[in-house]
Amino acid sequence: MSDDEWPFDQGRDVVTMTSRGVMRGGEAITHAYHDESDHGWQFYSASGAVMAEAMIVAMEEIVKRDGSVREIADLPPGWMAVRTGPGAPWVRTLQYADAPVVRVDWSLLTGVGDFYDAVLVQCDAPSWHGRNLDALRDAWVTGGINGKGPPYAFEFLGMEVTREELLEFRDAVVGIAEESMEENGGRWVRGDPCGK
């Protein structure tokens, strides 16, 4: 296959994540992820992504291993494709489509309390949940506290008209949301509000 025929948005020599089971154990690729953040790709078997089995290989190695992945080369960033086995059709889905949405309209907030009033309800937080950044990080990143998530789908609106006294707090919350997505998956509903 010539470079003109290469179907993916990432080059042949760009690294991708996979598993030993796929590359050495003969397991079929049944799950493919096109990451929204960096447009990278991940290819796994039904066994999933286990860190102890993780491998980094060139995209070209994946295509050599299973040429049928070319069928999903047009998968948009932020989407995933799943199939039951070799030869089965790929089913395309938005990654984290079922993740609970945490929607914050920063233009409507008059103080930190407004933020917690809106967000804790959306996350189904327990009544004893703290109203501070450490507690928010525990819930969004570590998890196991709220009735919903992580992962989350974050929708932050009105960022550009946040009250001046909330700017530092807003930026800290955005950092915790990004940390949550890095640790647990998740997504921005309308793209990264910071333009990253």
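What follows draws every value from the coordinates through simple rules; no lab data is involved. Not measured: the values here are computed from a predicted model. Positions of Cβ are backbone-derived with ideal geometry, glycine not excepted, and every protein chain shown enters the neighbour counts.
Here are the numbers for the structure shown:
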item: Computed over region 115-169, Cα set: Rg, Dmax in Å; result: 11.9, 33
item: The chain: antiparallel DSSP beta bridges as a percent of all, rounded to 5; result: 65 percent
item: Spin-label zone in region 154-176 - amide nitrogen under 14 Å from a point set 7 Å from the Cα of VAL189 along the C-beta vector; result: 154-159
item: Neighbour-count ranking [beta-carbon atoms within 10 angstrom, fewest first] of LEU166, LEU75; result: LEU166, LEU75
item: Region 94-196: chymotrypsin sites (Phe, Trp or Tyr not before Pro) falling in loop per DSSP and having at most 14 other Cβ within 10 Å; result: TRP128
item: Residues THR18, THR93, THR30 arranged by fewest to most Cβ contacts within 10 Å; result: THR93, THR30, THR18
item: 3J(HN,Hα) from dihedral phi, region 94-109, Karplus parametrisation 6.51/-1.76/1.60, rounded to Hz, x for glycine, proline; result: 5, 4, 6, 4, 8, 5, x, 8, 10, 9, 10, 9, 4, 5, 9, 7
item: Linear extension gain, LYS148 paired with VAL82, 0.36 nm per residue minus alpha-carbon span; result: 21.3 nm
item: Helix axis angle, 112-122 relative to the chain longest principal axis, alpha carbon, degrees; result: 50 degrees
item: Helix axis angle, 167-184 relative to the chain longest principal axis, alpha carbon, degrees; result: 30 degrees
item: Long-range amide H partners of PHE154 with built H, under 5 Å; result: VAL102, ARG187, TRP188, VAL189
